[in-house]
1. Over the chain, what portion of Cα pair distances is larger than 21 Å, expressed as a whole percent?
2. Please identify every one of the trypsin sites (Lys or Arg not before Pro) in region 1-68 that sits in a loop by DSSP and has no more than 11 other beta carbons within 10 Å of its own beta carbon.
3. For a quick check: with amide H placed at 1.01 Å from N, whose amide H comes under 5 Å from residue 15's, ignoring anything fewer than 5 positions away on the same chain?
4. With a 1.4 Å probe and all protein chains left in place, how much accessible area per residue does the chain have, in Å²?
Amino acid sequence: VMTWRADPASAVGYRLNFVGPQVADMLGYSPEEALAEPGFVRTRTHPDDAARVRAAADRAVADHLPFREEYRLRARDGRWVWV
């Protein structure tokens with residue numbers, strides 16, 4: 001599990017404003033690196049998952065619900081990791 005929180009109203013769309021320390025073990029990036037990069041999750045989401053994940057995030061925002069979804073992110077070493 002990787003915990004993160006994003007601002008859906010940000011200019012780049014869903015800019016992270018919190019990333020849990022799990023990101024280091026799971027993906028090889030520090031929380032600070034993830035927070036510093038606009039689109040960190042979007043640019044690392046597997047192409048086959050991207051549309052579904054974006055739709056789920058949009059629904060969560062519209063319905064004021066937590067976002068919980070399983071999808072793949074590209075780790076620093078190139079692996080695809082299910083989160």
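1. So the portion of pairs separated by more than 21 Å is 21 percent.
2. Answer by residue number: 68.
3. The list, which skips near neighbours in sequence, is 7, 10.
4. 62
The values are calculated or read from the model by the stated rules, or taken from the named source; none is laboratory data. These numbers were taken from a predicted model, which means no experiment stands behind them. All Cβ positions, glycine included, derive from the backbone under ideal geometry; neighbour counts span all protein chains shown. Just so you know, the surface numbers come from the protein's heavy atoms only, side chains and all, with ligands and any DNA or RNA stripped out. Shrake-Rupley method; radii C 1.70, N 1.55, O 1.52, S 1.80 Å.
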